[in-house]
Amino acid sequence: MKNSLYIFLLLFYFGSTAIQAQHELSYQLKLGDSFKIAQKAVQNIKMTMEGEDHNMTNTLAGVFDFKVQEITEDSYIIRTSFQNFMFKTESDIYGTLNDVDTSRETDEEDIEANVFKGLIDVPFYITLRKDGKITSLDGVEALLDNMVKNAGIEDNFTRELIKEGVSGQFGSESLSESIEQLTYLFPASKVAVSDSWQNEYTGDMKAQNTWTLDSYNDSEFVLSGTATVQMKTNDDSVVMELEGTQDSVAVIATDNGFLRSLKVEQQTKGITTMNDMGGVEVDTTLDAIITYKRL
């Protein structure tokens, strides 16, 4: 009888421990909560045509500011803005192709730099579900208008061309897809350490993600992710279609669910089609390291 009671209590203990080990991973934000996230992405691209390699490096960096403006039953409305933005493209054949940094002084003649300065401190609003999915994004039209206005161009036709050009990267859909890569991390139900779940990113970069809860304590939890990815960029002169894998590690604050750091490593390969060279197809590899860090 004593042995039976001991076994029952032992099973009860382990059953209770298993229940307690289930964690709800979600955002637990308060009105007025504010966060700054620094992003940096470095892409190394190699194109091979007729046995010759062309190597390029794209460097992109920026700082996002997030502030909780409103809380609804299942979502947060977050005021978001760019605090800084830079990108640079370097080629081993052609040298520096682009070099923009909104923290630098610019002159009136530098239209490209002034367009991107129009990003800074212009608010837009994301509706963020508690699992990190962005369900809507508002205020982007004002952001695009300010980028065009900041170019200082009076000609309406040219202004519309500029707006069309920046809409591809900074329109509602593109911005939403970009920001989701640092927010959309959590499962729909409670999980224990070592449990896994799936989600999907869409857009120019599609990813089928599998996330795993690696560790959990009172201050932070750690997620690791693996994914198969497909990337496609498409403009009038160049179409790049790549596929491969990516690995991610995210450190999250337990008290509010907001990111402390995220590192993503991508390896992809495929074909770049040069439309302005008669549709020539060029073997292409792209390896990237993307980091996000809370300031």
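Placing +1 on the Cβ of every Lys and Arg and -1 on the Cβ of every Asp and Glu, with no other charges, gives the chain a dipole of roughly 1840 debye about its Cα centre.
A Gaussian network model of the chain, with springs between Cα atoms under 10 Å, assigns the largest mean-square fluctuation among GLY62, GLY279, GLY132 to GLY279. Computed over protein heavy atoms with a 1.4 Å probe, the accessible surface of the chain works out to 55 Å² per residue. Here the dipole of the stretch 159-295 is about 440 debye; that uses its Cα centre as origin and unit charges on the Cβ of Lys and Arg (positive) and Asp and Glu (negative).
Among GLY203, THR127, GLN39, whose Cα projects farthest towards the positive end of the dipole of the chain, with charges put on the beta-carbon of Lys, Arg (+1) and Asp, Glu (-1)? Working it through, the farthest residue towards the positive pole turns out to be THR127.
Between ASP107, ASP283, ASP65, the GNM of the chain built on Cα springs shorter than 10 angstrom shows ASP107 fluctuating the most.
Do any of LYS117/LYS206; LYS263/LYS293; LYS206/LYS263; LYS40/LYS293; LYS67/LYS163; LYS206/LYS293 go past 20 Å between their Cα atoms, and which? Violating the 20 Å Cα-Cα cut-off are LYS117/LYS206; LYS67/LYS163; LYS206/LYS293. The fraction of accessible area contributed by carbon and sulfur in the stretch 14-173 is 47 percent, rounded to a whole number (1.4 Å probe; ligands and nucleic acids excluded).
What is the stretch 220-295 by shape, rounded, prolate or oblate, if you read a ≥ b ≥ c off the alpha carbon gyration tensor as root eigenvalues and call it rounded for a/c under 1.5, prolate for a/b larger than b/c, and oblate otherwise? Since a/c reaches 1.5 and a/b is larger than b/c, the shape of the stretch 220-295 is classed as prolate.
Springs join every pair of Cα atoms under 10 Å in this Gaussian network model of the chain, and among GLU105, GLU243, GLU177 the largest mean-square fluctuation is at GLU105. Protection proxy ranking for 257-265, 83-91, 45-53, using the average of other Cβ atoms within 10 Å per residue and placing the highest first: 257-265, 83-91, 45-53. Ellipticity at 222 nm from helices only: DSSP H runs of n ≥ 4 in the chain, each -39500 (n - 2.57), divided by the residue count, give -7000 deg cm²/dmol. Nonpolar atom fraction for the stretch 229-295, defined as the carbon and sulfur part of the 1.4 Å probe accessible area, stands at 49 percent.
The values are calculated or read from the model by the stated rules, or taken from the named source; none is laboratory data. Values in this document were obtained by computation on a predicted structure and should not be read as measured data. Cβ: placed from backbone, ideal geometry, glycine included. Neighbour counts: every protein chain shown. With ligands, DNA and RNA removed, areas are computed over all heavy atoms of the protein, side chains included. Shrake-Rupley method; radii C 1.70, N 1.55, O 1.52, S 1.80 Å.
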